[in-house]
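Q: Dumping the structure here so I can ask a few things about it.
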Amino acid sequence: MYPNKIKPFLDFISSIIGMILLSPLFILITVLLFISNNGKPFFFQLRPGKNGKIFKIIKFKTMNDKRDSQGELLPDSERLTKIGNLVRKTSLDEIPQLLNVAKGEMSIIGPRPLLTNYLHMYTNFQNRRHEVKPGITGWAQVNGRNAISWDKKFAHDVWYVENISFPLDIKILFYSIGKVVSSQGINAADAATIEPFNGK
């Protein structure tokens, strides 16, 4: 009952309350990123949700679109703006996803939605992460986030799918607050983001 009835209701109520309480911060960050990113404060991207259904995720845009002389985007670490770095370190870039939660595309707690071009690479075990709605934060995020290997990340995601419960979600929520405060596991070693998944 909890995953299919209670959790969606709690997600909707929590997202609405969250958007109301965080609206002043949302407006402030939007204005700052609008200035630093040449009028582009938001980042939109297609991601797979529950059962692999594709939806458009929304986040604050923490990197600019600067390119090299060949027209290729510069490395993530070089495109990360000062305000973007602060927003990323404090996980404030995730705030707009409350809209995804309110629309029923995401949950507050669940496996993070990854790129659509990874879908064909998953094993049957790894693909089990799509048995539930993706989340703003999840079991993998409080156990290393971008600082752990892909194997460990998938293992944590599937463990959550198999053990989903209200007490576990509350535990993850409080752990997530602690991670945000300490800024642990935001980036992989020597990179602004984790290395792309290559199916291995």
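Q: So, in the range 151-161, of the ones that are open to solvent by less than 20 Å² (accessible area, probe 1.4 Å) and not hydrophobic (A, V, I, L, M, F, W, C), which residue ends up modelled with the lowest pLDDT?
A: Lys153
Q: Same structure again: Inspect all residues belonging to the range 54-76 and state whether any of them is assigned to a helix (DSSP H, G or I) and either touching a residue at least 60 places away in the same chain (Cβ under 8 Å) or under 30 Å from Thr123 (Cβ atoms) (or both). Before the answer, list the steps.
A: Within the range 54-76, the subset assigned to a helix (DSSP H, G or I) is 76.
Filter once more, keeping what is either touching a residue at least 60 places away in the same chain (Cβ under 8 Å) or under 30 Å from Thr123 (Cβ atoms) (or both): 76.
Checked the range 54-76: at least one residue is assigned to a helix (DSSP H, G or I) and either touching a residue at least 60 places away in the same chain (Cβ under 8 Å) or under 30 Å from Thr123 (Cβ atoms) (or both).
Q: Now for a separate question. Step by step: first the residues of the range 37-53, then only those that are crowded, with 16+ Cβ neighbours inside 10 Å and of a type outside the set (Phe, Trp, Tyr), then the one that is nearest to Val161 (Cα to Cα). Which residue is that?
A: Step one: filter the range 37-53 for residues crowded, with 16+ Cβ neighbours inside 10 Å, giving 37, 41, 43, 47-50.
Filter again for of a type outside the set (Phe, Trp, Tyr), leaving 37, 41, 47-50.
Values: Asn37: 37, Pro41: 33, Arg47: 18, Pro48: 16, Gly49: 14, Lys50: 11 Å.
Filtering the range 37-53 for residues that are crowded, with 16+ Cβ neighbours inside 10 Å and of a type outside the set (Phe, Trp, Tyr), the one nearest to Val161 (Cα to Cα) comes out as Lys50.
Q: Here's a follow-up. Looking at Phe43, is it in a strand (DSSP E or B), within 30 Å of Phe174 (Cβ to Cβ), at pLDDT below 95 and of a type in the set (A, V, I, L, M, F, W, C)?
A: When the stated conditions are applied, Phe43 passes them.
Q: Only one residue in Thr81, Thr90, Thr62 is touching a Leu at 6+ places or on another chain (Cβ under 7 Å), among the polar types (S, T, N, Q) and at negative phi, so which one is that?
A: Numbers: Thr81 fails: touching a Leu at 6+ places or on another chain (Cβ under 7 Å); Thr90 fails: touching a Leu at 6+ places or on another chain (Cβ under 7 Å).
The match here is Thr62.
Q: Let me ask you something else. For the range 115-154, give me each residue that is among the hydrophobic types (A, V, I, L, M, F, W, C) and within 24 Å of Asp11 (Cα to Cα).
A: Taking the range 115-154 as the starting set, the residues that turn out to be among the hydrophobic types (A, V, I, L, M, F, W, C) are 115, 119, 121, 125, 132, 136, 139-140, 142, 147-148, 150, 154.
If the condition is that a residue be among the hydrophobic types (A, V, I, L, M, F, W, C) and within 24 Å of Asp11 (Cα to Cα), then Leu115, Val132, Ile136, Trp139, Ala140, Val142, Phe154 are the ones that fit.
Q: Does Lys82 count as within 21 Å of Ser15 (Cβ to Cβ) and open to solvent by 20 Å² or more (accessible area, probe 1.4 Å)?
A: Numbers: within 21 Å of Ser15 (Cβ to Cβ): no; open to solvent by 20 Å² or more (accessible area, probe 1.4 Å): yes.
So Lys82 does not fit the description; no.
Q: Got at least one residue in the range 10-21 being within 30 Å of His120 (Cβ to Cβ), within 15 Å of the chain's Cα centre (by Cα) and not polar (S, T, N, Q)? Can you show your working first?
A: Applying the first criterion (within 30 Å of His120 (Cβ to Cβ)) to the range 10-21 yields 11.
Those still in the list that are within 15 Å of the chain's Cα centre (by Cα) too: none.
For the range 10-21, residues within 30 Å of His120 (Cβ to Cβ), within 15 Å of the chain's Cα centre (by Cα) and not polar (S, T, N, Q): absent.
Q: If I filter the range 26-35 for residues that are within 22 Å of Lys103 (Cα to Cα), touching a Pro at 6+ places or on another chain (Cβ under 8 Å) and part of a loop (DSSP other than H, G, I, E, B), do I get at least one hit?
A: no
Q: For residues in the range 87-113 being part of a helix (DSSP H, G or I), in contact with a helix residue (DSSP H, G or I) (Cβ under 8 Å, 6 or more places away or on another chain) and open to solvent by 10 Å² or more (accessible area, probe 1.4 Å), which is modelled with the lowest pLDDT?
A: Only one residue fits best here, namely Leu92.
Q: Specify which of the listed residues (Ile164, Ile148, Ile186, Ile177) is surrounded by 12 or more Cβ atoms within 10 Å (Cβ to Cβ), modelled with pLDDT of 90 or more and of a type in the set (A, V, I, L, M). Break it down stepwise before answering.
A: Working: Ile148 fails: modelled with pLDDT of 90 or more; Ile186 fails: modelled with pLDDT of 90 or more; Ile177 fails: modelled with pLDDT of 90 or more.
None of the other options fit; the residue is Ile164.
The values are calculated or read from the model by the stated rules, or taken from the named source; none is laboratory data. Given the structure is predicted, the values throughout are model-derived calculations rather than measurements. All Cβ positions, glycine included, derive from the backbone under ideal geometry; neighbour counts span all protein chains shown. Protein only, heavy atoms only, side chains kept; ligands, DNA and RNA dropped before computing areas. Shrake-Rupley method; radii C 1.70, N 1.55, O 1.52, S 1.80 Å.
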